[in-house]
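No value in this document is a laboratory result; all are computed from the given coordinates. Fair warning: this is a prediction, and the values are worked out from it, not measured in the lab. Methodologically, a virtual Cβ is constructed for each residue, glycine included, from the backbone with ideal geometry; neighbour enumeration extends over all protein chains shown.
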Amino acid sequence: MTPRPAERLADRFRRLTEGWQWGNRRIVALAAVLLAVLLALTVYRTVAFYQTPGPFTPERQGLCDFHNGIYFPTRAILAGESPYSHAYAAKYPVARQIPFFSPVILVLHAPLAVLPLHLGEAIHHLLQWVMLGCIAILAATAASARRLDVVLVVAAAMASSRAGHVTLFTGYFTFQLVLATLLALRWADRRPWYSAIALMIVASKPTYILPLGFLMLARGNYAALLRGAALSLLGTAATLAPLAYQEGNGSFARGAEVLVDQIAQTQAVHRSMEDESPVFSWTRLDLFAIVAKWRGEDPGDLQHLLVMFVLLAVPMAVLWRRRGANASDGGGGLDSALILTATLVSLYHQSYDALLMVVPVTAILLGIRQPWPRFGLAGRLLLAALLAWPLWNYLSTRMFLLRLDLSPDWVKVMTSLNGLALAAGLVWLCIGGWKYREAESW
């Protein structure tokens, strides 16, 4: 007899919750209250410093990234207009045209973009809470600690972090990228099609998919990568084709040329912003930005890519040596910790991308799964501190830097610490990965 839908749903819920425990109930209560307070304060700050769609003002950034990076670009896509063009920036109440995000990420937000603005904002903010919870659940699972107290502590820690707060405050889609990256790693071996779908979302931002793709290649995740590449190309082509037709006045070839030119122009506009420049940015995490900051010049995109390949060489060699270790470790094992850290260090990334570190830091601190116990308590604490530093380093925010009134050299020091901490953590992970290469239990 075929089970009824309600019975199937109940059975699936039972399997999902199987093995979960409350943990310490006092910690559950305290963490739940703390999380509720942090989320409430974030909502208050978002409303108090809400940015009315239009020109960017640093003093009022509430939901600015939702407006400029999701809502209005998606409305333009649905209307057959290119969000990469100057015409779009002149027509819509946005700060500028968007950089080259794949339109796939915009189409995923189409249900929000068809709603009235304030309703779309509210639903988006609630979905951000849900994704924050999903990342916390994945962190507990990946760390082999299926306990509610761990989930709530991790969620509260994320909400209190610089990266988590900024994501909730400005409405950027970092949670989607982080969650998709973690799931792509977890499913890479066992469910390559699931991993491929996650990679299609990750590919929405080239600075995520480029280093991640090479590192997964070194780990031998060929099926997931090939399928993910196919889905990404199909998704991008399907969403760009109508724009090319429109921009080319009925000619796909001409429209494609126009889109390429628009993307080149919008990238130039994007790079000219102070917080994006590797020389002047106070939010960049990658090692290239630190070198450029101290040299006082930006060599350009080609050199940036060359540096990425140089920085990925050793992590890829370590992953190649460790092939056969549990690849689908969901961020909780050494392989994924190495991949996630190398992704941040090797190519352009901002402070909010440090959310990728939540899962490995949780696993390292708890020290339940191998090989983390072999690092020793002091070693685990120091490694976790290095990887977690960018998450809670509020000293490199614009607000603190302006109030501290530091000299130019001290500003360079303060804004370089995040990237240096991650680079040191990456070196440590490479050494540990080379040393501990046997299969890890999941």
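Structure above, values below:
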| item | result |
| --- | --- |
| Given charges at Cβ of Lys, Arg, Asp, Glu: segment 311-442 dipole, positive-most of L377, L344, S407 | L377 |
| For the chain, built as a Gaussian network whose Cα springs stay under 10 Å, the top-fluctuating residue of A354, A89, A29 | A29 |
| Cut-off 14 Å between beta-carbons: net charge of the residues surrounding A79, Lys and Arg +1, Asp and Glu -1 | 0 |
| Set of segment 139-156 residues, backbone N closer than 16 Å to the point 7 Å along the Cα-Cβ line of Q21 | 140-152 |
| Choice from E121, E276, E18 with maximal GNM fluctuation in the chain (Cα, 10 Å cutoff) | E18 |
| Cα-centred dipole magnitude for the chain, charges only on beta-carbon of K, R (+1) and D, E (-1), debye, nearest 20 | 1360 debye |
| Candidates S346, S407, S416: whichever shows maximal mean-square fluctuation once the chain is modelled as a Gaussian network with Cα springs under 10 Å | S407 |
| Per-selection Rg to Rh, the chain - Cα, Kirkwood hydrodynamic radius | 0.96 |
| Ranked list, fewest to most other Cβ atoms within 10 Å of each Cβ, for H67, H109 | H109, H67 |
| Inter-centroid distance (Cα atoms) of segment 59-102 relative to segment 398-428, Å | 31 Å |
| Mean residue ellipticity (222 nm) of the chain, computed from DSSP H runs ≥ 4 via -39,500 (n - 2.57), nearest 500 | -21500 deg cm²/dmol |
| The chain, relative contact order [Cα under 8 Å, separation at least 6], % | 17 percent |
| Ascending count of other beta-carbon atoms within 10 Å, so fewest first, for M131, M357 | M131, M357 |
